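Chemist: Below are the structure tokens for one structure; questions will follow.
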Amino acid sequence: MALAGEYRSFLHRSCVKAADASHHLKILKAIASYDTAVEAMKKSQFESWERARQVAASVKRDAVSRLPELLEQFEAKAVENGVEVVWAADAAEARAAVLDIARANGVRQAVKSKSMTTEEIELNEALESIGVKIWETDLGELIVQLAHERPYHIVTPAMHKSRAEIGELFHRTLGTPLTDNAEELTQAARVHLREAFCSAELGITGANFLIASLGAVVLTENEGNARLTTACPRIHVAVAGIEKILPRLEDLELFLPLLATSGTGQQLTCYNTIIRGPKRSGEPDGPEKMYVILLDNGRSSIYAEEKLRVSLTCIRCGACLNACPVYRLIGGHAYNTAYPGPIGSVITPHLRGFPGWQHMSSASSLCGACSEVCPVKIDLHRLLLENRWHAHRQRTSSIIWRLGFWAWAAVYPHRKCLQMLQPFFRLGSRLAGLAAPRDLRGRIPQVAGRSFSELWQDYERKRTNS
Amino acid sequence: MNAREQILKRLRRCRQAVPDMPCPSKEFGPLFFHPEDNAESRLDWFREKFIALRGELYEEQGERQAAQRILELISGLPGFVQVQKHPLLERLQSELPALRERLAGSRALDCASPEYAQCACGISGADSLLAQSGSIVLRSSAAGGRRLSVLPPFHIVVAASSQLNGFVAPWFAGLQQDNSWSLASIISGPSRTADIEKILVFGAHGPKRLALVLVTGS
């Protein structure tokens, strides 16, 4: 059964990672350095971070509310700019669109800058299947591509790899002299990809924002690989989720610093690039053709749900991943999805179907740390509860789960019922204590011999007697 | 029904069925700490931010000194230097014939040509400088295209101190009115990455060095 399969392997991977101390150490170190940078940047840049969040949440919620109008506006402007806009209802359509473009233009090599939507639609495999060589150009993405892994984190794809591991990987796959020096490894990637940038016919990017008023795609990055991806090849394809829309260019004045602060603790990332079409007449270089693929792939189902619609305002900064105690413990690969962590747990069941993925709604301690750090104030932990409720209503949750809650709802409101069942609870806790693994034995809390209400009645009786 | 109609129809239907999300504070005034509204404060901010981003800042009195500085910066470089056609850069070259001579050989090479990958340094003018973040902004149509500012390992930008702005708002206004560009970029320091153990390394894929020659005074 698919349901149990994905759930069971999730539990398995989680257990393995949770017990892996060296993994834990690497992640904590990376997140600690992230935390320090982010806290400092919030204080030094924003007069009030809280107010900035409120405004950002309002702007983005307004944009998502007006999604159909803004998408049409974006499309009209983009077409005016000479961009070809392709709509894709699901991942298969998006892949087919890119493959068609590649075939029609005789593409043999493609360079790709970091993009989560292309991970979502599993584009690399599709391109390779028609014989197109595809190069990941973001350093972190290159590392996971060479290691045949998924990105570990939506902002820091190779967070789980140490310098030494990367050095060994580069030595094995690129023939780089063995080193664990970050500077030398970065230089090796630069040299390795330079040739690819200059010879590839197709450049693929995502989009951090789509500007409706201008029909423009906005890319934010540090390395310059997105700049090169959109400067050298003769075709540029941007794959963008439909929710990436912002109404006006001016909105970037807030959203670029907001994304940089929450994403990496920078005031602005090194390159923030606004692209509105292929090379214009009078410009010396740039792609001859530009395509924007507007990807739905389940987003319109989220749009249909009143309470979940707000999850479309996410700007993919990754702050909720870093803050989540569950993510920190089990890591990004345990989820086995393009989007891990709290935001991934909220949207994945809607993107890929509840039957296989609803277990993600429970991959949370509901502590609310994710909601607290979200720069657009998405109440992520409440949305996880909403997903559980959704699964219950859709009857995709397991029979035991539903039966258990039915029984709980029947018994819990009535004191007398609870009283009657108390011996069973006591017996249950004792059995659990006996069945527990050795190192937990004696640490399973036991149901008390007498309940609080019994003790209280005794106390009252004694008081009135005396 | 094609995908476009299918998606839009669905969204429109849901737009009617589900109430809009509340958005109480859409208009934003100043949310950031920012320089005061005078040239001195803007220059102080810019200097501090740009240098913190590891940009190399050369403040030069007048165009002749600026031209000399550029000549000095490129004199030891291997390979050719590409310079963008730009009024300020033209003036600097008239000011200093030695600079024009040094640049003469390279001017011919089109940056769309494959040999362009061997370019040692790109020199361009800026649209504007942003004091609040220490950034240089440019657009493809006025900055010699897309590659000049990102493919060579060294990028030199020339700007006059009168081009110093607070933050992006005035630049955005200009971008919207101009129809000649296809790409506009806010550049904050030389290319960098921290993808390996969060260790900051400069010169990931873009320029390793970013120098700004700021022409002050007359």
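The values are calculated or read from the model by the stated rules, or taken from the named source; none is laboratory data. This is a predicted model, so every value here is computed, not measured. We place every Cβ from the backbone using ideal geometry, glycine too, and count neighbours over all the protein chains shown. Side chains are part of the model used for accessible areas, which takes the heavy atoms of the whole protein and leaves out ligands, DNA and RNA. Shrake-Rupley method; radii C 1.70, N 1.55, O 1.52, S 1.80 Å.
Chemist: What single numbered condition from (1) at pLDDT 95 or above; (2) surrounded by fewer than 24 Cβ atoms within 10 Å (Cβ to Cβ); (3) not in a helix (DSSP H, G or I) fails to hold for A:SER371?
Modeler: (3)
Chemist: State all residues of the range A:446-456 that are assigned to a helix (DSSP H, G or I), closer than 17 Å to A:CYS417 by Cα and open to solvent by 60 Å² or more (accessible area, probe 1.4 Å); if no residue qualifies, say none.
Modeler: A:PHE452
Chemist: On the basis of being among the aliphatic types (A, V, I, L, M) and either at the interface with chain B (Cβ under 7 Å from one of its Cβ atoms) or over 20 Å from the mean Cα position of the chain (by Cα) (or both), does A:LEU252 make the cut?
Modeler: Taking the combined requirement at face value, the residue satisfies it.
Chemist: Considering the range A:161-171 alone, what residues qualify as being open to solvent by 20 Å² or more (accessible area, probe 1.4 Å) and either in a loop (DSSP other than H, G, I, E, B) or of a type in the set (Val, Ile, Thr) (or both)?
Modeler: A:LYS161, A:SER162
Chemist: Let me ask something else. Among the listed residues A:GLY356, A:GLY428, identify the single one that is closer than 21 Å to A:LEU11 by Cβ and in a helix (DSSP H, G or I).
Modeler: A:GLY356
Chemist: So which residues in the range A:290-344 are more than 12 Å from chain B (Cβ to nearest Cβ), over 11 Å from the mean Cα position of the chain (by Cα) and among the charged types (D, E, K, R), if there are any at all?
Modeler: A:ARG328
Chemist: Same structure, new question: Looking only at the range B:54-90, how many residues end up being open to solvent by less than 20 Å² (accessible area, probe 1.4 Å) and at positive phi?
Modeler: 1
Chemist: Still on this structure, please answer the following. Take the conditions open to solvent by less than 10 Å² (accessible area, probe 1.4 Å), assigned by TED's automatic domain parsing to the domain that holds A:THR220 and basic (Lys, Arg) and apply them to A:LYS133. Does it pass?
Modeler: Answer is no for this residue.
Chemist: If you don't mind, there's one more thing I want to ask. Are any residues in the range A:83-111 among the β-branched types (Val, Ile, Thr) and on the phi > 0 side of the Ramachandran plot, and if so, which ones?
Modeler: Answer for the range A:83-111, where residues must be among the β-branched types (Val, Ile, Thr) and on the phi > 0 side of the Ramachandran plot: there is none.
Chemist: Let me ask something additional. Within the range A:106-159, work out how many residues are outside any loop (DSSP other than H, G, I, E, B) and of a type outside the set (S, T, N, Q).
Modeler: Adding up the residues that qualify gives 22.
Chemist: Can I ask one more? Would you confirm whether any residue within the range A:281-289 is surrounded by fewer than 21 Cβ atoms within 10 Å (Cβ to Cβ), in contact with a Cys (Cβ under 9 Å, 6 or more places away or on another chain) and either among the hydrophobic types (A, V, I, L, M, F, W, C) or over 25 Å from A:VAL107 (Cα atoms) (or both)?
Modeler: No, the conditions are met nowhere in the range A:281-289.
Chemist: Filter the range B:2-38 for residues that are among the hydrophobic types (A, V, I, L, M, F, W, C) and either open to solvent by less than 50 Å² (accessible area, probe 1.4 Å) or within 21 Å of A:GLN73 (Cα to Cα) (or both) and give the result.
Modeler: B:ALA3, B:ILE7, B:LEU8, B:LEU11, B:CYS14, B:VAL18, B:MET21, B:CYS23, B:PHE28, B:LEU31, B:PHE32
Chemist: So which residues in the range A:425-445 are open to solvent by 80 Å² or more (accessible area, probe 1.4 Å) and closer than 20 Å to A:ARG415 by Cα, if there are any at all?
Modeler: Matches in the range A:425-445: A:PHE425, A:LEU427.
Chemist: Where in the range B:1-98 are the helices (runs of 4 or more DSSP H), entirely inside, with at least 3 residues that are more than 14 Å from chain A (Cβ to nearest Cβ), in contact (Cβ under 8 Å) with a residue 40 or more places away in the chain and in contact with a helix residue (DSSP H, G or I) (Cβ under 7 Å, 6 or more places away or on another chain)?
Modeler: Hits in the range B:1-98: B:62-75.
Chemist: Scanning for something open to solvent by 40 Å² or more (accessible area, probe 1.4 Å), within 7 Å of chain B (Cβ to nearest Cβ) and in a helix (DSSP H, G or I), does the range A:93-105 turn up at least one residue?
Modeler: Looking for residues that are open to solvent by 40 Å² or more (accessible area, probe 1.4 Å), within 7 Å of chain B (Cβ to nearest Cβ) and in a helix (DSSP H, G or I), one finds at least one in the range A:93-105, hence yes.
Chemist: From the set of residues in the range A:15-53 that are surrounded by fewer than 18 Cβ atoms within 10 Å (Cβ to Cβ) and away from chain B (no Cβ under 14 Å), which is modelled with the highest pLDDT?
Modeler: A:GLU39
Chemist: Moving on. Among the helices (runs of 4 or more DSSP H) contained in the range A:243-325, which hold 2 or more residues that are more than 18 Å from A:VAL346 (Cα to Cα)?
Modeler: A:252-264
Chemist: I need the full set of residues from the range A:76-92 which are open to solvent by less than 40 Å² (accessible area, probe 1.4 Å) and either outside the structural domain of A:GLU223 (by TED's automatic domain parsing) or of a type outside the set (Phe, Trp, Tyr) (or both), in order please.
Modeler: A:ALA78, A:ASN81, A:VAL83, A:VAL85, A:VAL86, A:ALA88, A:ALA89, A:ALA91
Chemist: Pick from A:THR261, A:THR229, A:THR273: which is of a type outside the set (Lys, Arg) and within 7 Å of chain B (Cβ to nearest Cβ)?
Modeler: A:THR273
Chemist: Just checking, does the range A:38-45 include any residue being among the small types (Gly, Ala, Ser) and under 22 Å from the mean Cα position of the chain (by Cα)?
Modeler: Looking for residues that are among the small types (Gly, Ala, Ser) and under 22 Å from the mean Cα position of the chain (by Cα), one finds none in the range A:38-45, hence no.
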